[in-house]
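J.: Structure below; questions to follow.
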Amino acid sequence: MTEEKITQISAKLNPEYDAYIIEAIRKIPRRDRSRTYREALEEYFKKREELEE
């Protein structure tokens, strides 16, 4: 049985335009960031799916 390769997702934020996002991320404890990113992506795709219907 083969395992699927885990994809790492990253985003480059521009300090000039994304300062509010950067500041919000810094407020999240490091140990909670992965879970927070997953939840945000799940919400994004859920909302996107709803808009496409």
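The values are calculated or read from the model by the stated rules, or taken from the named source; none is laboratory data. The structure presented is a predicted model; accordingly, all values stated were derived computationally and were not measured. Cβ atoms come from the backbone with ideal geometry, glycine included; neighbour counts cover every protein chain shown. Just the protein is used for accessible areas: all its heavy atoms, side chains included, with ligands, DNA and RNA removed. Shrake-Rupley method; radii C 1.70, N 1.55, O 1.52, S 1.80 Å.
J.: Count, please, the residues in segment 19-37 that happen to be exposed (fewer than 11 other Cβ atoms within 10 Å of the Cβ) and not in a helix (DSSP H, G or I). Please lay out each step first, then the result.
T.: Applying the first criterion (exposed (fewer than 11 other Cβ atoms within 10 Å of the Cβ)) to segment 19-37 yields 20, 23, 26-27, 29-32, 34-35.
Still in the running and not in a helix (DSSP H, G or I): 29.
So the count comes out to 1.
J.: For the list (1) open to solvent by less than 100 Å² (accessible area, probe 1.4 Å); (2) assigned to a loop (DSSP other than H, G, I, E, B), I need the number of the one condition that ALA40 fails.
T.: Going through the list (1) open to solvent by less than 100 Å² (accessible area, probe 1.4 Å); (2) assigned to a loop (DSSP other than H, G, I, E, B), ALA40 breaks only (2).
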